[in-house]
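The values are calculated or read from the model by the stated rules, or taken from the named source; none is laboratory data. As the structure is a computational prediction, the values presented were derived from the model and not from experiment. Here Cβ is always computed from backbone atoms with ideal geometry, including for glycine, and neighbour counts include all displayed protein chains.
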Amino acid sequence: MDSAKSYIKNLAPYQPGLPIEIVARRYSLKTDSIIKLASNENPHGPSPAAIAAIKRSLQSSHRYPDIFQLMRSLSQDLHMPESSLVIGNGSNDIIDLIARTFLGENDESIISQYAFAMYDVATQAAGASSCIVPAVNYGHDLQAMKNAINSKTKVLWIANPNNPTGTFIPHNVLEKFIASVPKNIIVVVDEAYYEYLEPSERDNTALWPAKHPNVIVVRTFSKIHGIAGMRVGYGIATPRIAELINRVRLPFTNNHLGIVAATGALTDHEFITMSRTTNASERLRLEQLFALHAIDFIPSKGNFITLRVLDAESVSEHLLRSGIIVRPLTNYGMHNWLRVSIGLPKENDRFIHTFIPLVSQAKKK
Ligand SMILES: *Cc1c(COP(=O)(O)O)cnc(C)c1O
């Protein structure tokens, strides 16, 4: 359609991790023999409290969703007023709502190279342009991002920990940076992997918007809570900013089951702690193995590890044929890097047994 906006026609479509069904058909494999380590989902499945809540709520599916029950629970859990919250259809929706609220033609976003791809998509879809700041050690170069601020800058995006690199800016360092950014620029702190941080390495960043009114913290139920398919995320901002974003948000973008699932998952502390501790020990085990085999990887604070191989496309293809789905990062401009989500111990075993011989052989050639 020629009448589409020119900046929409220039948008590169997002490439998600390959779904299990497609891999099963393409390689003639049984779906239950496939392990998906490609989209940073929780390998333990959904929070059991989420499942229980969904079962209880199926009967009321004829009702429109009530997001206020989730807002009340979040408000209690985070110790903040409901007026500071925005609920989204996944945190991708929050990212898009922020872009639509604050960005338009002639405006600019500041984004780090190798940062989560959605910031650039949302920026461009809003008609604005992205200033991509070169990374340092695959992470955000905060000083360079600050230096990139100009009169067009409206939003500065930070993923912490970042996906796809797993890099992390310590909270005291990030808060100092935030305090130094001009107050008229929105700083988005995307914390999709916040709950995977050790309690000792976390500040209560949910309180940042109250201290730094230009900050929006974004979190999700897709990762540690295990309900990516239910599509629920949220933003924390000043009541003024939350109110502006909520004007843009269409009223029923979240579905009923997602809302009840998230409300259940939020306080399923046993599941959250189990997911965090297994992830941490498996991540350490994988990183030690990669180090042992001289495989180049980026130390990660998330539920995934990004590593370098000689030929990512061919390694990925070999793994697919063995029923293991990982994520090549070509579309991030990270040629020959693969992002591997941390699975269950037995899934990681299978990955290691297929992957290590594959790359050790390639090295010897
Ligand atoms: C996975 C992820 C999200 C979550 O997206 P949802 O829409 O909530 O599923 C957001 N930001 C980053 C950096 C992520 O890795």
So F221, is it of a type in the set (F, W, Y), more than 22 Å from S112 (Cα to Cα), in contact with a Gly (Cβ under 9 Å, 6 or more places away or on another chain) and within 16 Å of the ligand (Cβ to nearest atom)
yes
What are the residues in region 93-116 that are in contact with a helix residue (DSSP H, G or I) (Cβ under 7 Å, 6 or more places away or on another chain) and on the phi < 0 side of the Ramachandran plot, if any?
I95, D96, L97, I98, A99, R100, T101, L103, S109, I110, I111, S112
Residues that are crowded, with 21+ Cβ neighbours inside 10 Å, out of contact with any Gly (no Cβ under 9 Å at 6 or more places or on another chain) and modelled with pLDDT of 95 or more: does region 341-349 have at least one?
yes
By residue number, the members of region 181-202 that are aromatic (F, W, Y) and assigned to a helix (DSSP H, G or I) are Y194, Y196
Residues being touching a residue at least 60 places away in the same chain (Cβ under 8 Å) and within 14 Å of the ligand (Cβ to nearest atom) - total across region 207-218:
2
So how many residues does region 94-131 have that are within 16 Å of the ligand (Cβ to nearest atom), closer than 27 Å to P251 by Cα and not hydrophobic (A, V, I, L, M, F, W, C)?
6
Among the residues of region 116-133, is any within 24 Å of F221 (Cβ to Cβ) and part of a loop (DSSP other than H, G, I, E, B)?
yes
Looking at region 296-310, can you tell me whether even one residue there is surrounded by fewer than 21 Cβ atoms within 10 Å (Cβ to Cβ), more than 16 Å from the ligand (Cβ to nearest atom) and either without any contact (Cβ under 8 Å) to a residue 24 or more places away in the chain or of a type in the set (S, T, N, Q) (or both)?
yes
Pick out the one residue from A38, A50 that is assigned to a helix (DSSP H, G or I), touching a residue at least 40 places away in the same chain (Cβ under 8 Å) and within 22 Å of N303 (Cα to Cα).
A50
Only one of Y7, Y27 is more than 30 Å from A128 (Cβ to Cβ) and hydroxyl-bearing (S, T, Y). Can you tell me which?
Y27
Of all residues making up region 134-147, the number that are outside any strand (DSSP E or B) and surrounded by fewer than 16 Cβ atoms within 10 Å (Cβ to Cβ)
5
So is A261 touching a residue at least 24 places away in the same chain (Cβ under 8 Å), among the small types (G, A, S) and in contact with a strand residue (DSSP E or B) (Cβ under 9 Å, 6 or more places away or on another chain) or not?
no
Tabulated pairs, region 179-199, first under 16 Å from R219 (Cα atoms) and more than 10 Å from the ligand (Cβ to nearest atom), second of a type in the set (A, V, I, L, M) and in a loop (DSSP other than H, G, I, E, B), C-beta under 8 angstrom, 6+ apart or interchain:
V187/V181; E195/I224; Y196/I224
Restricting to region 13-35, give me the number of residues that are within 20 Å of the chain's Cα centre (by Cα), in contact (Cβ under 8 Å) with a residue 60 or more places away in the chain and exposed (fewer than 15 other Cβ atoms within 10 Å of the Cβ).
2
Across region 316-365, what is the total count of residues that are more than 19 Å from A294 (Cα to Cα), out of contact with any Pro (no Cβ under 7 Å at 6 or more places or on another chain) and of a type in the set (D, E)?
1
Residue that is surrounded by the fewest Cβ atoms within 10 Å (Cβ to Cβ) [pool: residues in region 246-293 that are β-branched (V, I, T) and farther than 23 Å from E201 by Cα]:
V248
Please go through region 303-323 and give me each residue that is of a type in the set (S, T, Y) and either modelled with pLDDT under 95 or farther than 25 Å from A228 by Cβ (or both), ordered by number.
S314
Does I87 count as over 26 Å from D141 (Cα atoms), crowded, with 18+ Cβ neighbours inside 10 Å, aliphatic (A, V, I, L, M) and within 16 Å of the ligand (Cβ to nearest atom)?
yes
Scan region 309-324 residue by residue and report those that are within 21 Å of Y114 (Cα to Cα) and either under 21 Å from the mean Cα position of the chain (by Cα) or among the hydroxyl-bearing types (S, T, Y) (or both).
S316
